[in-house]
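Read-outs throughout are calculated quantities, based only on the coordinates presented, and are distinct from any laboratory measurement. Note that the coordinates shown come from a computational prediction; the quantities given were computed from them, not determined experimentally. Please note: Cβ atoms are built from the backbone with ideal geometry, for glycine as well, and neighbour counts cover all protein chains shown.
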Amino acid sequence: MRRATLTLAIACFVLSLKPAAAQTSQPQPRFEVIGQFTGVTSSEFDGADLGVGGLVAWRRGGLLDLEAETNVYPANLRAKHGSPYSRGRLEGLIGVTVGPVRGRMRPFGTFRTGFVKFGSAPGPLACPAIFPPILPCSLAKGEAVVTVIVGGGMELLPTPHAVLRFDLGDRLMDYPGPAIDANGEAHNMAFYKNEFRFSVGAGVRF
């Protein structure tokens with residue numbers, strides 16, 4: 001809940017900003033292509049889920065811009081030191097960022113939605129014969145989960161055609177139910193979980 005409050009506060013702060021009054025005479029790049037390193041932590045799995053991916057952005061001018069990104073998390077995913085229940089995850093997102101360019105910096109808030117596709121378990125998984133099942137057993141067959149991310153971050157523009165990006169967010173996952181989560185709570189239907197997500201990247205502007 002604290003992570004969600006922090007990221008929402010960042011987004012609200014950026015939304016209150018106004019574009020810089022002075023504009024350069026040079027045309028600003030309209031597109032960005034960024035390679036990035038991503039990570040997610042959650043109470044639903046052990047450790048951090050680390051991945052790599054790419055982001056494409058259309059800078060329309062003004063405050064509101066459009067973005068799409070894809071990330072791959074290749075490691076096996078475990079819960080409570082048990083057997084791995086997912087051989088990899090594919091994340092696809094589309095959304096908007098809001099924020100002004102101020103000199104060589106751009107603070108922004110972001111809202112994105114999309115999916116996380118869980119790969120099936122890499123091997124046999126011991127699942128207790130209970131109902132509802134534990135969440136890893138529900139995901140082990142390979143599930144696509146709808147997700148929404150709210151957050152904010154900073155872009156640094158060291159040159160007119162280079163960009164460095166830092167992004168923090170709250171990833172809200174719509175997990176399938178009925179299921180028992182990692183805290184032992186039984187859910188009779190699909191349920192939501194907040195997960196902390198970060199990304200660091202670098203790319204080009206054109």
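Some points to look at:
- Legend: Rg and Dmax of the chain, from Cα coordinates, 19.0, 68 Å.
- Rounded to 10°, Cα long-axis angle of helix 2-15 versus longest principal axis of the chain: 20 degrees
- Principal axis box of the stretch 119-192, alpha-carbon based, largest edge first, Å: 59, 27, 18
- For the stretch 28-42, backbone phi angles converted through the Karplus equation (6.51, -1.76, 1.60; θ = phi - 60°) give residue-by-residue couplings of 7, x, 9, 10, 10, 10, 10, x, 9, 10, 10, x, 9, 10, 7 Hz, Gly and Pro being listed as x.
- Local net charge near Phe31, Cβ-Cβ under 13 Å (Lys/Arg +1, Asp/Glu -1): +1
- Relative to the Cα centre, the charge distribution of the stretch 62-181, modelled as +1 at Lys and Arg Cβ and -1 at Asp and Glu Cβ, gives a dipole magnitude of about 280 debye.
- The chain, relative contact order [Cα under 8 Å, separation at least 6], %: 22 percent
- Backbone amide hydrogens, once placed in the peptide plane, bring Val101 within less than 5 Å of Ala20, excluding anything fewer than 5 places away on its chain.
- Trypsin sites (Lys or Arg not before Pro) within the stretch 112-151, DSSP loop, no more than 15 other Cβ atoms inside 10 Å: Lys141
- In order along the stretch 132-142, the phi-based Karplus estimate (6.51 cos²θ - 1.76 cosθ + 1.60, θ = phi - 60°) of 3J(HN,Hα) comes to x, x, 6, 4, x, 5, 5, 7, 5, 7, x Hz; Gly and Pro are listed as x.
- Each of Ala126, Pro176, Gly53 was placed along the dipole of the chain (beta-carbon charges, centred on the mean Cα), and the one lying farthest toward the positive end is Gly53.
- Couplings 3J(HN,Hα) for the stretch 103-111, derived from phi with the Karplus relation 6.51 cos²θ - 1.76 cosθ + 1.60 (θ = phi - 60°), are x, 9, 10, 9, x, 8, x, 9, 9 Hz, where x marks Gly and Pro.
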